[in-house]
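What follows is a short report on a single structure.
The values are calculated or read from the model by the stated rules, or taken from the named source; none is laboratory data. It should be emphasised that the depicted structure is a prediction, and the values quoted were computed from it without experimental measurement. Cβ atoms come from the backbone with ideal geometry, glycine included; neighbour counts cover every protein chain shown. Surface accessibility is based on the protein's heavy atoms, side chains included, excluding ligands, DNA and RNA. Shrake-Rupley method; radii C 1.70, N 1.55, O 1.52, S 1.80 Å.
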Amino acid sequence: MATATRCSWAHTPLGIAYHDTEWGVPVHDDQTLFEFLTLEGAQAGLSWETILKKREGYREAFLDFDPARVARFTPRRIERLMQNEGIVRNRLKVGSAVRNARAFLAIQDEFGSYDAYVWKFVEKVPRINGWRTLRDVPPRTAESDALSRDLLPRGFSFVGSTICYAFMQAVGLVNDHTIDCFRYRRVGKRARGPVRPRGHVGA
(Lines give C-alpha, C1' and ligand atoms only; values in the text may rest on other atoms or scores of the structure.)
Protein backbone atom coordinates (compact mmCIF):
# COMPACT_ATOMS: atom_id res chain seq x y z
CA MET A 1 0.00 0.00 0.00
CA ALA A 2 1.43 3.37 -1.02
CA THR A 3 2.40 5.77 1.75
CA ALA A 4 0.50 9.05 1.71
CA THR A 5 2.53 12.11 0.74
CA ARG A 6 2.36 14.79 3.41
CA CYS A 7 3.72 18.26 4.03
CA SER A 8 7.36 17.72 4.93
CA TRP A 9 7.06 19.22 8.41
CA ALA A 10 4.80 16.36 9.57
CA HIS A 11 7.17 13.50 10.39
CA THR A 12 6.48 12.43 14.00
CA PRO A 13 3.44 10.49 15.27
CA LEU A 14 2.04 13.58 16.99
CA GLY A 15 2.77 15.84 14.04
CA ILE A 16 1.30 13.40 11.53
CA ALA A 17 -1.91 12.95 13.53
CA TYR A 18 -2.32 16.71 13.86
CA HIS A 19 -1.51 17.32 10.19
CA ASP A 20 -3.86 14.61 8.95
CA THR A 21 -6.90 15.62 11.01
CA GLU A 22 -6.69 19.27 12.06
CA TRP A 23 -4.16 21.52 10.35
CA GLY A 24 -5.76 23.78 7.79
CA VAL A 25 -9.34 22.64 8.42
CA PRO A 26 -11.57 25.75 8.72
CA VAL A 27 -12.54 26.42 12.34
CA HIS A 28 -15.58 28.47 13.34
CA ASP A 29 -15.89 27.53 17.01
CA ASP A 30 -14.76 30.36 19.28
CA GLN A 31 -13.38 28.10 22.00
CA THR A 32 -11.21 26.27 19.47
CA LEU A 33 -10.08 29.57 17.99
CA PHE A 34 -9.02 30.72 21.45
CA GLU A 35 -7.18 27.43 21.95
CA PHE A 36 -5.08 27.95 18.84
CA LEU A 37 -4.49 31.62 19.60
CA THR A 38 -3.11 30.54 22.97
CA LEU A 39 -1.06 27.63 21.64
CA GLU A 40 0.45 29.60 18.78
CA GLY A 41 1.50 32.31 21.22
CA ALA A 42 3.01 29.69 23.50
CA GLN A 43 5.01 28.29 20.59
CA ALA A 44 7.01 31.49 20.06
CA GLY A 45 10.67 30.46 20.08
CA LEU A 46 9.81 26.78 20.41
CA SER A 47 8.85 23.93 18.09
CA TRP A 48 5.24 23.03 17.36
CA GLU A 49 6.11 19.48 18.44
CA THR A 50 6.85 20.82 21.93
CA ILE A 51 3.42 22.45 22.05
CA LEU A 52 1.64 19.33 20.79
CA LYS A 53 3.27 17.33 23.58
CA LYS A 54 1.94 19.82 26.11
CA ARG A 55 -1.48 20.30 24.51
CA GLU A 56 -3.37 18.16 27.03
CA GLY A 57 -1.57 19.94 29.84
CA TYR A 58 -2.74 23.25 28.40
CA ARG A 59 -6.32 22.02 28.11
CA GLU A 60 -6.31 21.10 31.78
CA ALA A 61 -4.50 24.22 32.98
CA PHE A 62 -6.60 26.60 30.89
CA LEU A 63 -9.95 24.91 31.55
CA ASP A 64 -10.52 23.58 28.04
CA PHE A 65 -9.67 27.04 26.71
CA ASP A 66 -12.88 28.62 27.90
CA PRO A 67 -11.99 32.32 27.48
CA ALA A 68 -14.60 33.49 29.98
CA ARG A 69 -13.06 31.32 32.71
CA VAL A 70 -9.46 32.07 31.75
CA ALA A 71 -10.22 35.82 31.80
CA ARG A 72 -11.03 35.48 35.51
CA PHE A 73 -7.66 33.97 36.44
CA THR A 74 -6.17 35.81 39.41
CA PRO A 75 -2.49 36.59 40.04
CA ARG A 76 -2.48 33.70 42.52
CA ARG A 77 -3.83 31.34 39.85
CA ILE A 78 -1.15 32.53 37.46
CA GLU A 79 1.52 31.82 40.07
CA ARG A 80 0.21 28.26 40.37
CA LEU A 81 0.42 27.88 36.61
CA MET A 82 4.08 28.84 36.78
CA GLN A 83 4.66 25.60 38.72
CA ASN A 84 2.76 23.48 36.18
CA GLU A 85 5.17 21.30 34.18
CA GLY A 86 2.41 20.50 31.71
CA ILE A 87 2.67 23.92 30.06
CA VAL A 88 5.39 26.28 28.91
CA ARG A 89 6.31 28.01 32.16
CA ASN A 90 7.11 31.39 30.72
CA ARG A 91 5.61 34.19 32.79
CA LEU A 92 5.11 36.50 29.82
CA LYS A 93 3.30 33.82 27.85
CA VAL A 94 1.09 32.72 30.74
CA GLY A 95 0.14 36.29 31.58
CA SER A 96 -0.47 36.97 27.91
CA ALA A 97 -2.94 34.08 27.67
CA VAL A 98 -5.01 35.58 30.49
CA ARG A 99 -4.95 39.10 29.06
CA ASN A 100 -5.73 37.73 25.61
CA ALA A 101 -8.77 35.96 27.04
CA ARG A 102 -10.10 39.30 28.30
CA ALA A 103 -9.44 40.96 24.94
CA PHE A 104 -11.05 37.95 23.23
CA LEU A 105 -14.25 38.51 25.24
CA ALA A 106 -14.26 42.16 24.21
CA ILE A 107 -14.12 41.14 20.55
CA GLN A 108 -17.00 38.72 21.12
CA ASP A 109 -19.02 41.58 22.61
CA GLU A 110 -18.21 43.86 19.69
CA PHE A 111 -18.62 41.45 16.78
CA GLY A 112 -20.92 38.78 18.22
CA SER A 113 -18.17 36.15 18.02
CA TYR A 114 -14.44 35.90 17.48
CA ASP A 115 -15.27 33.80 14.45
CA ALA A 116 -17.12 36.69 12.82
CA TYR A 117 -14.21 38.99 13.61
CA VAL A 118 -11.26 36.90 12.44
CA TRP A 119 -12.76 35.51 9.24
CA LYS A 120 -13.32 39.01 7.87
CA PHE A 121 -9.55 39.22 7.33
CA VAL A 122 -9.92 36.72 4.48
CA GLU A 123 -13.34 38.02 3.40
CA LYS A 124 -14.97 34.98 5.05
CA VAL A 125 -13.45 32.61 2.45
CA PRO A 126 -10.32 30.50 3.05
CA ARG A 127 -7.30 31.46 0.98
CA ILE A 128 -6.21 28.38 -0.95
CA ASN A 129 -2.57 28.64 -1.88
CA GLY A 130 -0.54 26.44 -4.20
CA TRP A 131 2.90 25.96 -2.73
CA ARG A 132 5.15 23.32 -4.25
CA THR A 133 7.48 22.98 -1.26
CA LEU A 134 7.68 24.08 2.35
CA ARG A 135 10.34 26.61 1.32
CA ASP A 136 7.74 28.43 -0.78
CA VAL A 137 5.43 29.10 2.18
CA PRO A 138 5.84 32.67 3.48
CA PRO A 139 6.25 33.35 7.21
CA ARG A 140 3.70 36.18 7.02
CA THR A 141 1.29 37.78 4.55
CA ALA A 142 -0.61 41.03 4.08
CA GLU A 143 -3.57 39.38 5.82
CA SER A 144 -1.55 38.31 8.84
CA ASP A 145 -0.01 41.78 9.00
CA ALA A 146 -3.50 43.28 9.07
CA LEU A 147 -4.69 40.87 11.76
CA SER A 148 -1.66 41.57 13.93
CA ARG A 149 -2.06 45.33 13.56
CA ASP A 150 -5.69 45.08 14.63
CA LEU A 151 -5.12 42.76 17.57
CA LEU A 152 -2.27 44.64 19.22
CA PRO A 153 -4.16 47.85 20.10
CA ARG A 154 -7.02 45.70 21.41
CA GLY A 155 -4.72 44.49 24.17
CA PHE A 156 -3.50 41.20 22.73
CA SER A 157 0.13 40.14 23.00
CA PHE A 158 2.18 37.41 21.35
CA VAL A 159 0.28 38.22 18.16
CA GLY A 160 3.02 39.38 15.81
CA SER A 161 2.41 38.78 12.12
CA THR A 162 4.35 35.49 12.02
CA ILE A 163 2.36 34.10 14.96
CA CYS A 164 -0.86 35.34 13.37
CA TYR A 165 0.00 33.58 10.13
CA ALA A 166 0.69 30.31 11.95
CA PHE A 167 -2.71 30.73 13.62
CA MET A 168 -4.37 31.39 10.25
CA GLN A 169 -2.77 28.26 8.81
CA ALA A 170 -3.85 26.14 11.78
CA VAL A 171 -7.52 27.18 11.76
CA GLY A 172 -7.97 27.11 8.01
CA LEU A 173 -8.12 30.77 7.10
CA VAL A 174 -5.49 29.69 4.60
CA ASN A 175 -4.77 26.27 3.10
CA ASP A 176 -0.98 25.98 3.08
CA HIS A 177 -0.71 22.26 2.50
CA THR A 178 1.76 21.78 -0.33
CA ILE A 179 0.16 20.68 -3.59
CA ASP A 180 1.65 17.18 -3.40
CA CYS A 181 0.14 16.60 0.06
CA PHE A 182 -2.86 14.29 0.18
CA ARG A 183 -4.62 16.80 2.44
CA TYR A 184 -4.35 19.70 -0.03
CA ARG A 185 -7.47 18.93 -2.02
CA ARG A 186 -9.36 17.36 0.88
CA VAL A 187 -9.02 20.51 2.97
CA GLY A 188 -9.73 22.65 -0.08
CA LYS A 189 -12.98 20.81 -0.76
CA ARG A 190 -14.02 21.18 2.84
CA ALA A 191 -13.22 24.88 2.63
CA ARG A 192 -15.14 25.89 -0.47
CA GLY A 193 -15.50 23.21 -3.12
CA PRO A 194 -13.00 22.84 -5.98
CA VAL A 195 -9.48 23.93 -5.19
CA ARG A 196 -8.43 27.11 -6.94
CA PRO A 197 -4.68 27.35 -6.39
CA ARG A 198 -2.86 30.59 -5.70
CA GLY A 199 0.82 31.25 -5.37
CA HIS A 200 3.50 29.23 -7.11
CA VAL A 201 1.41 26.76 -9.09
CA GLY A 202 2.19 27.27 -12.75
CA ALA A 203 4.99 29.68 -11.94
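At a glance:
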item	result
Solvent exposure of the chain as accessible area per residue, Å², 1.4 Å probe	50 Å²
Linear extension gain, residue 154 paired with residue 59, 0.36 nm per residue minus alpha-carbon span	31.7 nm
Cleavage-rule hits, GluC sites (Glu not before Pro), the range 79-154, DSSP coil, Cβ neighbours within 10 Å at most 16	85, 123
Dipole magnitude (debye, nearest 20) for the range 138-181, charges at Cβ of Lys, Arg, Asp, Glu	220 debye
Accessible-area value, residue 50, 1.4 Å probe, nucleic acids and ligands omitted, Å²	50 Å²
Computed E for residue 49/residue 110 - FRET, C-beta separation, R0 35 angstrom, nearest 0.05	0.50
Vicinal HN-Hα couplings computed from phi for the range 141-153 (Karplus, 6.51 cos²θ - 1.76 cosθ + 1.60; Hz; Gly/Pro x)	9, 4, 5, 6, 4, 5, 5, 4, 4, 7, 6, 4, x
Under-5 Å amide H pairs with residue 128, H placed in peptide plane, nonlocal only	175
Residues of the range 78-115 with amide N under 16 Å of a point placed 7 Å along Cα→Cβ from residue 68	101-115
Gained length - residue 91 relative to residue 123, 0.36 nm times residue gap less alpha-carbon distance	8.0 nm
Dipole in debye (nearest 20) - the range 38-121, about Cα centre, beta carbon charges: Lys, Arg +1; Asp, Glu -1	380 debye
Computed over the range 9-101, the ratio Rg/Rh where both radii use C-alpha atoms and Rh is Kirkwood	0.97
Under Karplus coefficients 6.51, -1.76 and 1.60, residue-wise ³J(HN,Hα) of the range 33-50 in Hz, glycine/proline x	4, 5, 4, 6, 4, 5, 5, 5, x, 5, 6, 2, x, 10, 8, 5, 4, 4
Lysines whose Cα lies under 18 Å from that of residue 93, excluding same-chain neighbours fewer than 8 positions away	53, 54
Cut-off under 5 Å, modelled amide H: who pairs with residue 71 long-range	none
Solvent accessible area, Å² - residue 64, 1.4 Å probe, full protein context	100 Å²
Largest to smallest accessible area among 76, 183, 154 [probe 1.4 Å]	76, 154, 183
Positive-end extreme of charge dipole, the chain - chosen from 47, 112, 65 (charges on Cβ)	47
Heavy-atom SASA rank of 127, 91 (probe 1.4 Å, accessible area, largest first)	91, 127
Percent carbon-and-sulfur accessible area, the chain, ignoring ligands, DNA and RNA, probe 1.4 Å	51 percent
